[in-house]
Each structure stands twice: as C-alpha cells, then as structure tokens.
Amino acid sequence: MGQRHREQREMETRERVAGETGSAAWPGLSDPAHDSQRLFRQILGAMSEPGTLETLAVPVPPSDALGAALWGVVLTLCDLETRVWIAADLDSPALRQALTFHTGARITDDPESADFALLTHESFDPQTSFALGSDTYPDRGTTLMVAVERLANVGPSMLSGPGIETTRALDIGDTAGCRALMDRLAANRASFPQGLDMIFGCGARLAAVPRSTRVTRADAKEVN
C-alpha cells in the first residue's frame, strides 16, 4: 500500500510540474516502454532503407511547424545523454520545457555540440557548423531532424547506396531550403565517413537519409 501511495504521489507531482511549466500541452507517449520500442523500429527501418516513407502513430504536438513524426522521433531518440539544438523558428520556452520534461535531454545553443538538431527547411543554413564526427567516431556527427514541405517517392532527388536496391526517388519540397538540404546531403560523399544524417518529417510521415547515401538531382551532377 505504501509503494502504491508513493507512486501515486510521484505521478501527481509530475502532472503538477507539467501543468506549471506548460509541458502538459506537449503530449508524451501513452505507453513509453512499448511505444518507444515500436517507434525505434520504424526509425531504424527508415535509416536502413533511405528514402522509404514511414507513418508514425504518435501524439500530435501543439506545433504544426514541427509535426507529429518529428515529435515522435524526439520522444524516442532523445534522453539524458543527448544534447539538442533548436532553430529559432521552432524554439520556444514551451518546447524547451516539454523536451526536458519528457526526455531529460539537455538544450544547447551551440549547434556544433549537438547530438540532434531540430529545424525546418526554412531555417536550414548550409553555413551552420554542425558536428560532422570523425574518421574514428563518425557516429558523433549531428543528426538533423527537419520539418519539410512534403514527403513523396518521386523526383527530383535520387538516392542510391546501402539499403537501396537500385535507386529511390525522394521529394521533400522545392523551396530554396529544401534544395539546400539535399545539396548538403550530396556533399556528404566528399567527407565520408564524416557527415550529417538527416531525418525528415512532414505531419505524421517520416523519411531518413543517412550520410552513407549517394544523392543526385535530375538537374545536377552528384557532388563528389
């Protein structure tokens, strides 16, 4: 009885803190253990088969700009050991509080020290200094979680490499920011195994392009 009482008090305390900070508006996973495993398998599948589209069944956050899929990625991949950089167009006290409350991740204002970066296609700047990892530890590069215009398996970008039998088309949008994102992925070939991994979200849909993927455009040659 005492243990149940303590657990109830702890739950009430968490709910009160969430309400006080505004985190309650940003929903967590309803069944953290089960849901995080399910979502991790979907994210891993998207990374191992670049450009394939996954639909994540996750709580919808109060931010149309971020979208449900990327919020699900945040809840699944971020934890006490990770540092997250948030672009200005997504940044808010409520998001920072919710991210810390639900995952324990640390917020950093230095993109180069971030394990994950949360941004949109509009805020992507090719000059931002994200971590690229090293030849010895390429996995220490920053993974970009990017909200994009759309996700579809059509042109103009073609993907090839590990996890792709021949080629796979991927369209994330046609704004300057979307084109810059795909150009940056193409440039990974020049620094491989160093580089940037990217996870794209649009609503509840998700696609990933790791640094090992070769990216070409219909109107341009591959960046070597």
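Points to keep in mind about this one:
- Neighbourhood charge, 11 Å Cβ-Cβ cut-off, centred on LEU151 and excluding it, Lys, Arg +1 and Asp, Glu -1: -1
- With Cα atoms, 0 to 90° folded angle of helix 93-103 axis to the chain main axis: 80 degrees
- Interchain or long-range residues, amide H under 5 Å from GLY173's placed H: ARG150
- When exposed loop sites are taken as GluC sites (Glu not before Pro) in a DSSP loop with at most 14 other Cβ atoms within 10 Å, the longest stretch of the chain clear of them is 82-164.
- Among ILE107, ILE172, ILE199, sorting on how many other beta-carbon atoms sit within 10 Å of each Cβ, with the fewest leading, yields ILE107, ILE199, ILE172.
- For the chain, built as a Gaussian network whose Cα springs stay under 10 Å, the top-fluctuating residue of GLY195, GLY203, GLY161: GLY161
- The angle between the Cα long axis of helix 32-48 and the longest principal axis of the Cα atoms of the chain comes to about 0 degrees, rounded to the nearest 10.
- Near ALA147, the amide H atoms lying under 5 Å from its own belong to LEU119, THR120, HIS121, GLY201; only residues 5 or more places off or on other chains count, and H is placed 1.01 Å from N.
- Neighbour-limited loop hits for trypsin sites (Lys or Arg not before Pro), region 114-217 (at most 16 other Cβ within 10 Å; DSSP other than H, G, I, E, B): ARG150
- Considering only THR120, ILE172, LEU99, the residue lying farthest towards the positive end of the dipole of region 25-217 is ILE172, judged by Cα position with unit charges set on Cβ.
- Placed amide H near THR108: partners under 5 Å, 5+ positions off or other chain: VAL84, TRP85, ILE86
- Label of the coordinate-derived value, Rg and Dmax of the Cα atoms in Å, listed as (1) 18.2, 68; (2) 17.5, 59; (3) 16.1, 46: (1)
Since every read-out is calculated from the coordinates, none of them should be taken as a lab result. No experiment lies behind these values; they were computed from the predicted model shown. Neighbour counts run over all protein chains shown; Cβ positions are idealised from the backbone, glycine included.
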